[in-house]
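A short reminder: the numbers here are calculations on the coordinates, not readings from a lab. Only a predicted model underlies this, so the values are computations on that prediction, with no experimental measurement involved. Please note: Cβ atoms are built from the backbone with ideal geometry, for glycine as well, and neighbour counts cover all protein chains shown.
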Amino acid sequence: MEICSLPVPTKNGKSLDEIRKSVKFHPSIWGDFFLKYYNSDNTKITDAEQEELTKQKEMVRKLLAQTPDDSTYKLELIDVIQRLGVEYHFEKEIEESLKYIHDNYKHQNNKDINDLRTVALRFRLLRQQGYNVSCDVFRKFIDNEGNFVASLENNVEGLLNLYEAAHLATHGDEILDRAIEFCSSHLRASQLNKMIDVSLSKRVNEALILNMPLRKSLTRLGARKFIPVYEEDESHNEILLNFAKLDFNVVQKMHQRELSDATRWWKKLDVANKMPYARDRIAECFFWMLGVYFEPCYANARRILLRFISMASIIDDTYEYATLDELQILTDAIQRWDVNATLEDSPPYIQMCYRSVIETYYEIENEMEKTGDSYRVQYAIKDMKKLVMAYFEEPKWLYNKYIPTVEEYMKVSIVSCGYMAMSTTSLLGMGDQVRKEDFDWIINEPLIVLASSAICRLMDDLVGDEYEQKTSSVDCYMKQYGMSKEEVCVELRRQVKNAWKDMNQECLEPKPASLPILMRIFNLGRVIHLLYSDDDCYANPIKSKEWIKLVLVEPLKI
């Protein structure tokens, strides 16, 4: 396809370059907020807090140890610990308990075998842990005609647990597909506002009405919303509740300090003045990172990935703003990766974009040399080069007024969404949990990375974007297959659903990588599910403001 480098006229008389350069993103709504209010003094964790946290942690550990593994209460306890966001403290204990439950399930005289709530909870917890348990355990709730038995229709707790479990479906799990339809129908029919159990009503609302089932929810945001719901539950455990609150507030201080440092780094780039066309979203990017990994042990990994996504966001916006000739120069320079290149004949914003990328990766490489892991950065650079090549294809389509085939579009856009490069980069700072073989695996586009990328690309296309001058999969399907926009959206949602099944399958034994690695990629899909469910909540920061306040501004009352 021949590249057209001349300004392309449009119906309103303006060139495509003029239209692209007239696009304005919503300014930052956070500004210097985190830099101003969260310094090393007011985010300090006191000795008293740390001592109390350690004390309460041991109390919860004791509670876990004293609860028999063959009891329903053990399942409930593990579930609550996970929902409260404190599972990372007890991974070994939970892993051992779930292994026992998995290995001994068939040999137990289980009085709860016909209790839908318990069967669904056990199934979900085991699949979350990677055990490839069969969904045939739900056949006892199916009648002779293949439908779920009518007696379940008013069992709200059971239906909710089945609904949550069904989101761990893989390809071929038809019974779980039917379960989602059945549970959705009857949970919607249950009058939530008239439920006596307020806690249960709020959990149904979160999972179903707000479309945030546990499998697709961000751990940190989910915990922040669940803790007050759990407190309203009359049967809550006071020890566990108090520990979850204290742990949330302590970790929140760590995150506030990290975001304060990140804001300082971002301000030094002076993006607002030197590249004013780019989105100013450091707080939103950090929130994104917390969706990938919030645990304190991943602070270094978060810092590295935050720098990547900040650079990727700048580059993405540059490829939306610059002319094709300018983009050719930038693309060629990034492919060469010459640390001494200045691009002095290019506009200042092209020079700034290039220099920012090179210097950011140089800083990361220097940091990783201290641990002997600098080789990892080469994998990230390779993926960044691939990302930039994909970015360059999209404006070429636009300038040539070319709508690609669906196959052409997906080949490029599944890379340009950035999730392949982000998946690789997410492993850089994870320390000894990652080996060179893991980078060799992830760089070759494994199924879980392709699935996470597909979710990102298609959900972005589904919500559309008034800010972007880009071809989308919707355009491609409509032209190639003569489909209506509504028909295309149905098809894209079907593909997103299948991509979630691909990711679920990849997280089951035999797994292609360790669960900590797989969950980084899975969590990227979760972030997209939140940000792109109804609108582009990255381009429009007003949409994500409340989430950021919950997770990064407002502590829990103790």
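General observations
- Sites matching GluC sites (Glu not before Pro) across segment 288-355 that sit in DSSP coil, with at most 15 neighbouring C-beta atoms within 10 Å: E344
- Global geometry of segment 270-552, whether rounded, prolate or oblate, following the gyration tensor of its Cα atoms and the 1.5 cut on a/c: rounded
- Summed over qualifying helices (DSSP H, 4 residues or more, each -39500 (n - 2.57)) and divided by its residue number, the chain shows a 222 nm mean residue ellipticity of -19500 deg cm²/dmol.
- This model, with +1 at the C-beta of Lys and Arg and -1 at the C-beta of Asp and Glu, gives the chain a dipole about its Cα centre of some 520 debye.
- Test item: Cα-centred dipole of segment 67-244, Lys/Arg +1 and Asp/Glu -1 on Cβ, debye: 400
- By average C-beta atoms within 10 angstrom, highest first, the peptides 229-239, 195-205, 286-296: 286-296, 195-205, 229-239
- Sites matching trypsin sites (Lys or Arg not before Pro) across segment 466-557 that sit in DSSP coil, with at most 15 neighbouring C-beta atoms within 10 Å: K557
- Cleavage-rule hits (trypsin sites (Lys or Arg not before Pro)) in segment 338-377: DSSP loop, at most 13 neighbouring Cβ within 10 angstrom: K370
- Residue exposure sequence - H529, H89 - by fewest surrounding Cβ within 10 Å: H89, H529
- Segment 250-407 shape via C-alpha gyration tensor axes, a/c threshold 1.5: prolate
- Ranked for footprinting exposure by Cβ neighbours inside 10 Å, fewest first, V463, V119 give V463, V119.
- Protection proxy ranking of 416-427, 162-173 - average other beta-carbon atoms within 10 Å, highest first: 416-427, 162-173
- Shape of segment 25-100, Cα gyration tensor, a/c cut at 1.5: oblate
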